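Here the structure is laid out as structure tokens; the discussion comes afterwards.
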Amino acid sequence: MQVFHTESKIIITCNKRLSPYLQQEVESLGFKPDRVFQTGVELTGTVNDCIALNLNLRCASQVLYAIKSFTANDPKELYDNLVEIEWEKLIDFTGYFSVTSTVNNEHILTPLFANVKVKDAIADRIKSVKGLRPNSGADGNKTVIHLYWQDDKADIFLDTSGETLAKHSYRKIPGKAPMLEALAASTIMATHWDKKSTFINPMCGSGTLAIEAALLATDKCPGLFRMNYGFMHIMGYDEQVFFVERRKLKDKSKKETGFKILATDISADAVDIAQKNARTAGVEHLIDFSVCDFEDTDVPAEAGIIMFNPEYGERLGVHTKLEITYKRIGDFLKKKCLGYRGYVFTGNPDLAKKIGLRAARKIEFYNGKLDCRLFEYELYEGTKREDKL
């Protein structure tokens, strides 16, 4: 099976509500989506195309290359279809593979059972041809196979990513309640920031928003921080294709910017973690870090955007304190950030009302399973307060 040069359906998955930003990325790489849906983008291409997608995408989770689509009413039909695939041409019999799945079928009570049927079909097929069964398990750092089974319709994929792309591999120290890198990149893209003007991130925590802003501004892609993908463990892989694509990433990335990125936090520990993460990402020199209360953040005259990701107040006993914090955020934006566009990302609409400013846009996101909004505020002279958003 010459999957590296044969076109098939490619599904690029992402977290819910990130697909508009994933679509932008895919199209900027010269690919034309066949379909865009709530949790991903579908297009047509080869596994070599998947290599470029894996290295470049910021908003994606997995890049899946379709091997076969078929009808399967029950586990036996699933096994019978899968055992016919020439797995011995995809997975080395001395290698290792894992199986993931998304299943909604009346005969399957747990996806783990479906995973076992897939593993059995693959291992039985390879043993019948090669005389040995490859090892398998839960680790996603080698060959990964993904099953999508909805009612009687099934698709089997090569997961060319392996471990998720949503984590960008530079954040070695996560800090407290960190924002997922793919979500952070998507929220910045949602602001329509021009990547040429000031970016300020008070209450920066582990620094993810500021770091993703620096990576976007310098066109540094996540593929520069990672050296292991699922496609590397598929038979027929040519490492030169990977190194050529990786060289393209290095060649297009910039080392400097002509504007300021500022990140502050009242916690010295948080700022220390953020600086270390920025150093790993190679952008520490592009971000001015400082320890201070957010109200003392330096706001340059050269306007741009200012972005907050404060706590949401899910724990009991902190809501009253956070009401005061959100009101202070509103006062800070109104008094010190005129000329900027302000953004507050939160999963608590009641707290957002305490900001006291009229939101120009309310952009929908999820943080995990939590329904969130990115509130946009146009900060000009005469910005009006509003009790209701």
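Every read-out reported here was derived from the displayed coordinates using simple, explicitly stated rules and does not represent laboratory data. None of the values given here were measured: they were computed from a predicted structure. Here the Cβ is made from the backbone with ideal geometry for all residues, glycine too, and neighbour counts use every protein chain on show.
Annotations for the structure displayed:
- CD proxy at 222 nm, helix term only [per DSSP H run n ≥ 4: -39500 (n - 2.57); per residue of the chain; nearest 500]: -9500 deg cm²/dmol
- Per residue, the convex hull spanned by the Cα atoms of region 8-159 amounts to 109 cubic angstrom.
- Karplus-derived HN-Hα couplings along region 347-356 (A = 6.51, B = -1.76, C = 1.60, θ = phi - 60°), whole Hz, x at Gly and Pro: x, 10, x, 5, 5, 4, 5, 6, 5, x
- Positive contributions from Lys and Arg (+1) and negative ones from Asp and Glu (-1), summed over other residues with Cβ under 11 Å from the Cβ of G45, come out at -2.
- Nearest-ten-degree value, helix 19-28 long axis tilted from longest Cα axis of the chain: 80
- Packing around the peptides 145-151, 255-261, 222-228, taken as the average count of other Cβ atoms within 10 Å per residue, puts them in this order, highest first: 145-151, 222-228, 255-261.
- Using alpha-carbon coordinates, inclination of helix 239-252 to the longest axis of the chain, degrees: 10
- Among beta bridges that DSSP assigns inside region 8-159, antiparallel share in %, nearest 5: 70
- With neighbours defined as other Cβ atoms within 10 Å of a residue's Cβ, the residues L216, L29 order from fewest to most as L29, L216.
- Neighbour counting of Cβ atoms within 10 Å sorts the residues V103, V36, fewest neighbours leading, into V36, V103.
- Once you reduce region 5-74 and region 226-261 to the center of their Cα atoms, the two points are 18 Å from each other.
- The angle between the Cα long axis of helix 111-130 and the main principal axis of the chain comes to about 40°, on a 0 to 90 degree scale.
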